[in-house]
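Everything below concerns the one structure shown next.
Each reported figure results from applying straightforward, stated rules to the coordinates on display, with no laboratory input. Note that the structure is predicted; figures quoted are calculated from it, not measured. FYI the Cβ positions are ideal-geometry reconstructions off the backbone, even for glycines, and counts take in every protein chain you see.
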Amino acid sequence: MNTQNCLPRFNSRSKAKTSFAIRTMICGIMVAGFSTAHATTMASADIQAQLTVSPLGTIQYIPGFNTSFPNFTSTGNASATAVAPAPTNLGNGIFLTAQVTANAAPTTGAALGEAPVFGNFELMNRTVNDIDVTLTLMYSWNISGSINNPSLEQARAAIALDLSVDFVSLTTIVEGNTAPPDFRMGSGSSMDMFNVTIPALESTFVELSAGAESAAIATTVPEPSTLLLFGSGIAGLLLYQRKQRK
């Protein structure tokens, strides 16, 4: 199994033309080693995103269901943290953030942290004419990590961001990284704008989903060809939670 090709590379933005599941799948990790040595590894990922609507004019902004589901697991001498505060309502949009860190220290251990967060609202048009609005999405992300011994360690960090209107994705961003042999770190930011028409006497449902995930594995007694399916991937989790709320 070639773990380097499991995750999307940096700047791998894809629009919602192909299957969301294919675009956002994040693979499991292969742990393989052939000698005993000291092992220490760390992976961290964070993302911030803000969505605003303009001009509101006669459009009524109705806050929706906003929540987060941070969780983490660990075994052996490993630890993980996952932080995803509840989204902040802006009055004409939403702000959300998520951050995770996983560490695995010199004895055998594995840790996984996931932090998905969701914010949504409705735009109600009570007039007899269609109204055009602009959705402005601003976001930034960062992925970092380190590996001491590539033959005994694995690390993964990824972020995902999805904007949907009436449960149809307008854009999906996935950035990810896995190692060994090396852990490529990176960061980025962007601003995207989308024109949306709110039909007369109807409402439009808007949702912004974001998540961060990191995993770290270290073993001083390696087991060659042991496959650890470590979590479903943060982007897949965003899709699952959205389906649960439809």
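Structural remarks
- Modelled label reach - F205, point 7 Å along Cα→Cβ, region 116-135 residues with backbone N closer than 19 Å: 117-126
- Peptides 119-127, 49-57, 197-205 ordered by average Cβ neighbours within 10 Å, highest first: 119-127, 49-57, 197-205
- The Cβ shell under 11 Å around A212 holds other residues with a net charge of -4, Lys and Arg each +1, Asp and Glu each -1.
- For region 109-126, Karplus couplings with θ = phi - 60° (6.51, -1.76, 1.60), whole Hz, Gly/Pro x: x, 9, 9, 9, x, 10, 9, x, 9, 9, x, 8, 7, 10, 10, 9, 9, 9
- Farthest positive-ward along region 69-175 dipole, Cα basis, beta-carbon charges - from I159, G109, V83: G109
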